[in-house]
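Report on the structure given below.
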Amino acid sequence: MSAMAASPKPPATRKEAAVSFEGAAVRLGGRTIWSDVSLTVAEADFVAVLGPNGAGKSTLIKAILGLLPLAAGTGSVLGRRPGEAKGRVGYLPQRHGFDPGTRIRGVDLVQLGLDGTRWGIPLPGTSSRKRDAARVAEVIELVGGSAYASRPIGELSGGEQQRLLIAQALVRRPKLLLLDEPLDSLDLPNQAAVAALVRRICEEERVAVLLVAHDLNPIIGYLDRVIYLAGGGAVEGPPEDVITSETLSRLYGAPIEVLHASDGRLVVVGQPEAPFVHGDRHA
Amino acid sequence: MPEAAVFQGLSWNPLTDMHQLFAYPFMVNALEAGTIVAVMAGVTGWFMVLRRQTFAGHTLSVIAFPGAAAASLAGLPLAVGYFGFCGFGALALAGIAGSRRSLSAESAAIGSLQALALALGFLFVSLYHGILNGLDSLLFGTFLGITTEQVVVLLAVAGAAVVLVAIAARPLFFASVHPDVARAGGVPVAAMGFGFLLVLGLAVAETSQITGALLVFALLVTPAATAHQLTARPVLGIVLSVALALAVTWLGLALAYFSIYPVGFYVTSLSFGSYVVVRVGRALGRRRQLTARLALEAA
Ligand SMILES: Nc1ncnc2c1ncn2[C@@H]1O[C@H](COP(=O)(O)OP(=O)(O)O)[C@@H](O)[C@H]1O
Ligand SMILES: [Mg+2]
């Protein structure tokens, strides 16, 4: 286990694996999306899930959530089968932008993360109601959303919506946070700010984070591990081992070059999109 | 029969006029039925507008028309036709929503269902010539012809529907605004959608008996849409939606009692009027905010 300099972790805390998959595969509509995927995400790890469009990154998140069954192999999430630890897993789905007419307050959305699965109507003014409201306010403060949480979500910017959705995913104090492209459609300063926020949450709340990203660069400085999906398979490991020309070329089955720009950014060159790799889909 | 039940017209004395409103049993039944329906329509309508299912709701109300016509044809109580057809319509709509190829395919399928319902209604009306007299009330309501037994049925159905919505309120809200996360958290999102359409079918069947198939929207959509404009708070929104539905029903009934125009006209116009006032008010408020901001930036 080697972690990047950004966050050395004492090995003593690595008891429970947040996620572990062994030889896992997912089939959708008769097609194998990926197979023979083995990975381990340790407690409070910050892990990026990378790969081209259609490689099966969202599919991996849904398999961890237990929304999609494994066609082969085994999986365990927080020591239980996928889908059985719902209360301790926070989730932010891909492309959830609210249109401008959406008349729901941010604070109600965060509240839903806490009590949206409970039946019946809560009595106002009870102590549990007050506790819930305090927790919602606390987690909104944590993501820096107090100034706009009571406005309708549709009127907020992409970055503000994203922060409140992260608050929603965090409100039940999960041990595992699954964020599907949370930096998508944000401008560069907001990408950097949200990435830094997630890193801080990961450390302060001791949550394991799986963050799906299209572009590695906004998060490269924060990562413990990388899961790279491509060509129907995956490699997992520390970023400096995975993001190399040799590993990615092997994964894609095509020559890939990883360039180190002078400002520390990584550029992956020659990366074909997934349909090319699979060779089984065309328009 | 109450002795005081002699129609005197509007006296402009509020006490006398209030007294008059409650003098006739048919008015008492109308007020009771209107109150029951308004509460149910206010609650269900708020969720319907939230879920953007007004087109589905409108289709259910169109389906209520052949339901009532079929019941007349078969010599059954109208309620049987309303509830039977709306329940069946809810099943069909849930099937369409479940297959969900795309949003445009879904609305096209709903539209086709609506056309079929109108055609069936027309067929039943033609088959049973006698009903032509009653066509008006099938389409535009029988506010003033409600019997005491009907009020009891309405109360039972509305009570059941409101209790169901109350039990499912939070998961339904979650599934409506954020289905992916709700599903991941264990909310049975598809079942909620199906269950809600059934409750909506009940609400439409019930509202149709009062307002007729065509004016259902006056109580089911417009007050709820106005409430959504007025506030983004869920609990307050539902309360406002119910309050508006109650206000237009009561006012509409009172106005119709003292004038020659039908109840449906007043209820519809009042709810539409309140919607327009709120929309215009919000637009003006936004303009003022914008001007203030521009002035601030210019300063
Ligand atoms: N329900 C489904 N049936 C069949 N194929 C699917 C289904 N959902 C997704 N896919 C396919 O699975 C592949 C992986 O999708 P996804 O996990 O969303 O990719 P990513 O998130 O990496 O862009 C895509 O090629 C997509 O077309
Ligand atoms: Mg995806």
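The values are calculated or read from the model by the stated rules, or taken from the named source; none is laboratory data. All figures in this text were calculated on a predicted structure; none of them were measured in a lab. Glycine gets a Cβ as well: all are built from the backbone with ideal geometry, and neighbour counts include every protein chain shown. Please note that ligands, DNA and RNA were not included when accessible areas were found on the heavy atoms of the full protein model with its side chains. Shrake-Rupley method; radii C 1.70, N 1.55, O 1.52, S 1.80 Å.
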Condition check for A:Arg131: open to solvent by 50 Å² or more (accessible area, probe 1.4 Å) and within 16 Å of ligand 1 (Cβ to nearest atom): no
(1) closer than 27 Å to B:Ser11 by Cβ; (2) over 15 Å from the mean Cα position of the chain (by Cα); (3) open to solvent by 10 Å² or more (accessible area, probe 1.4 Å) all hold for B:Arg233 apart from (1)
Filtered residues of the range B:243-268 (kept if closer than 22 Å to B:Thr44 by Cβ and small (Gly, Ala, Ser)): B:Ala243, B:Ala245, B:Ala247, B:Gly252, B:Gly264
If I filter the range A:214-261 down to residues being within 16 Å of ligand 1 (Cβ to nearest atom) and under 19 Å from A:Leu197 (Cα atoms), which single residue comes out as least open to solvent (accessible area, probe 1.4 Å)? A:Val226
Number of the condition not met by A:Asp184 [criteria: (1) acidic (Asp, Glu); (2) within 16 Å of ligand 2 (Cβ to nearest atom); (3) closer than 22 Å to A:Arg88 by Cβ]: (3)
Residue pairs, Cβ under 6 Å, 6 or more apart or interchain, first in the range B:180-203 and within 14 Å of chain A (Cβ to nearest Cβ), second open to solvent by 30 Å² or more (accessible area, probe 1.4 Å) and part of a helix (DSSP H, G or I). List them. B:Gly185/A:Lys86; B:Gly186/A:Lys86; B:Val189/B:Pro179; B:Val189/B:Arg183
Selection within the range A:30-81 - within 14 Å of chain B (Cβ to nearest Cβ), away from ligand 1 (no atom under 13 Å from the Cβ) and β-branched (Val, Ile, Thr): A:Val77
Does at least one position in the range A:103-124 carry a residue that is of a type outside the set (Ser, Thr, Tyr), part of a loop (DSSP other than H, G, I, E, B), within 16 Å of ligand 1 (Cβ to nearest atom) and crowded, with 22+ Cβ neighbours inside 10 Å? no
Kindly provide the set of residues from the range B:85-97 that are of a type in the set (Gly, Ala, Ser) and surrounded by fewer than 17 Cβ atoms within 10 Å (Cβ to Cβ), ordered by number. B:Gly95
Out of everything in the range A:82-94 that is open to solvent by 40 Å² or more (accessible area, probe 1.4 Å) and either closer than 12 Å to A:Val212 by Cα or at the interface with another protein chain (Cβ under 8 Å from one of its Cβ atoms) (or both), what residue ends up being nearest to the chain's Cα centre (by Cα)? A:Gln94
Give the residue that is nearest to the chain's Cα centre (by Cα), with candidates limited to residues of the range A:138-193 that are within 14 Å of another protein chain (Cβ to nearest Cβ), among the β-branched types (Val, Ile, Thr) and outside any loop (DSSP other than H, G, I, E, B). A:Ile166
Check the range B:226-245 and report whether any residue there is touching a Phe, Trp or Tyr at 6+ places or on another chain (Cβ under 9 Å), of a type in the set (A, V, I, L, M, F, W, C) and at the interface with chain A (Cβ under 10 Å from one of its Cβ atoms). yes
Looking at (1) closer than 26 Å to B:Arg51 by Cβ; (2) modelled with pLDDT under 95, which is the one condition that is false for A:Asn53? (1)
Taking the options A:Ala25, A:Ala55, A:Ala48, name whichever one is assigned to a loop (DSSP other than H, G, I, E, B) and either among the aliphatic types (A, V, I, L, M) or closer than 30 Å to B:Trp46 by Cα (or both). A:Ala55
How many residues does the range A:194-213 contain that are open to solvent by 10 Å² or more (accessible area, probe 1.4 Å) and either touching a Gly at 6+ places or on another chain (Cβ under 7 Å) or outside any helix (DSSP H, G or I) (or both)? 2
Output the residue which, of all residues in the range A:16-38 that are closer than 25 Å to A:Glu204 by Cβ and open to solvent by less than 10 Å² (accessible area, probe 1.4 Å), is farthest from ligand 2 (Cβ to nearest atom). A:Ala18
Within the range A:95-132, tally of residues that are within 8 Å of chain B (Cβ to nearest Cβ) and within 16 Å of ligand 2 (Cβ to nearest atom): 1
